[in-house]
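Okay, so here's the structure we're looking at.
Read-outs throughout are calculated quantities, based only on the coordinates presented, and are distinct from any laboratory measurement. Computed from a prediction, not measured in an experiment: that's the story for all the values here. Reconstructed Cβ throughout: ideal geometry from the backbone, glycine too, with neighbour counts over all protein chains shown.
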Amino acid sequence: LVLPGVVIGALPGSDTGPHPGLSQIRADDAGAMAAVVGRLHELGHRRIVHIAGLPSLAHTDRRIRSLRIEADRRGLTEAHSVTTD
């Protein structure tokens, strides 16, 4: 289509060189999840459920791992991710 575009996330091979016509914005999935869990914990929430996307996607995996790490760090035994399609 020869249209400019922006990719949210990482482009394959983006570490090895530019992709003409495409810009990219990297999202901090782990940092965002850590911030959300931290804020919910501060508000007194102890049971947290994260409704996630496909488990095979990299950003879903990063968010699930971050939830688990942050929940463990705060002693939240009832924090879970549920994957969907």
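May I ask for the net charge around Arg74, where only other residues with Cβ less than 13 Å from the Cβ of Arg74 are counted and Lys, Arg are +1 while Asp, Glu are -1?
Taking every Cβ under 13 Å from that of Arg74, the sum is +1.
Please list, in order along region 31-38, the HN-Hα scalar couplings obtained from phi with the Karplus expression 6.51 cos²θ - 1.76 cosθ + 1.60 (θ = phi - 60°), rounded to whole Hz, x for Gly and Pro.
x, 5, 5, 4, 5, 5, 4, x
Can you tally the net charge around Ala27? Count Lys and Arg as +1, Asp and Glu as -1, for every other residue whose Cβ sits under 11 Å from the Cβ of Ala27.
Net charge around Ala27: +1.
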